[in-house]
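Here's the structure we're looking at; comments come further down.
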Amino acid sequence: MRSSPCLTQTLFQLATGTRGPRNARWLPDDIEFPDWRFVPHRADLVRTKRDVHDRVRQVAVFEVQLRRDESKHASWPFYVSAARLRWRCPVTLVVVTLRRSVARWSRRPIRLDTAGSVLCPQVIGPDEIPVITSPRRAERCPELAVLSAAAHGRGPYGVEVARAALSCCFGLDRDRAALYSDFVIANLSEQAALAVRNLMLPDGWKPLSKIGRESYDKGFAAGLEESRLALAETILALLGERFSAVSPDVEQTVRAADLERLQRWGRRLLSATSADELLAT
């Protein structure tokens, strides 16, 4: 059988009723399947449920999915098979995501063979994550409260879920409090983040965790760009009021100017006698 592609083809056809993909050949390949202890692939989280005799009765493999990734359709079945080989019990793959589009993609059954065997991930998306607005409920499981804030922070309950999550973060150790609170703020809408900062966070607050600093810096840069664009439009409007028509060259120059230059032009706008004079300063 190892040396006979013809026999391989015949046996596969007898077993499945199909010939397999057209214009493809059966070739010898590695017959070694590495044991789980030597596999470099790592799931995000694995938890085992044990009975009173410390025997594993159920395994849950958790994967946090931020975006679509077709390679997961190869690695997820591997995780499940490796866990089943190790603990010899039912294994459930649970995918957690904050995006509805990723949740829909993750729910697609993963086809394993031509006989109809599939792996069906159990998916927890935004619609399955509870909306936690009660600080008392948040205290019972801070991590779930933080996940709730991340999932619903851009929706109509953004301020409420954020306040509940942050209220329980203040009682945690410094590292977890910093990570959780920054994660909550990073996943809020701009309006909700501003409201929460004004209501709950001290003056001069800055994020402590890496994820918080990245989000804060990105938001700060976005705020500066928004201010620059708004000021450019204001200057163009005032130039049009004072000097009637604004040439395309002037319009392009103003829109491309940095914030500092725009602020300087704004201060000198009333004393300028023409658009060219203003832009020359």
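Laboratory data are not the source of any read-out in this text; all were calculated from the coordinates shown. Everything numeric here is computed off the predicted structure, so don't read it as measured data. So basically every Cβ, Gly included, is an ideal-geometry build from the backbone, and we count neighbours across all protein chains shown.
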query: How high is the FRET efficiency from residue 141 to residue 264, r the C-beta distance, R0 45 Å, rounded to 0.05?
result: 0.25
message: What distance in nm lies between label points placed 7 Å from Cα along the C-beta direction at residue 245 and residue 100?
response: 4.9 nm
query: Once you put a point 7 Å from the Cα of residue 236 and another 7 Å from the Cα of residue 64, both along the Cβ direction, what distance in nm separates them?
result: 4.2 nm
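Taking 0.36 nm per residue of separation and subtracting the Cα-Cα distance, what length does fully extending residue 56 through residue 122 add?
Working: separation 66, 0.36 × 66 = 23.76 nm, distance 2.02 nm.
Full extension from residue 56 to residue 122 adds 21.7 nm.
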- line: Distance in nm between residue 46 and residue 81 label points, each 7 Å along Cα→Cβ, equals 1.5 nm
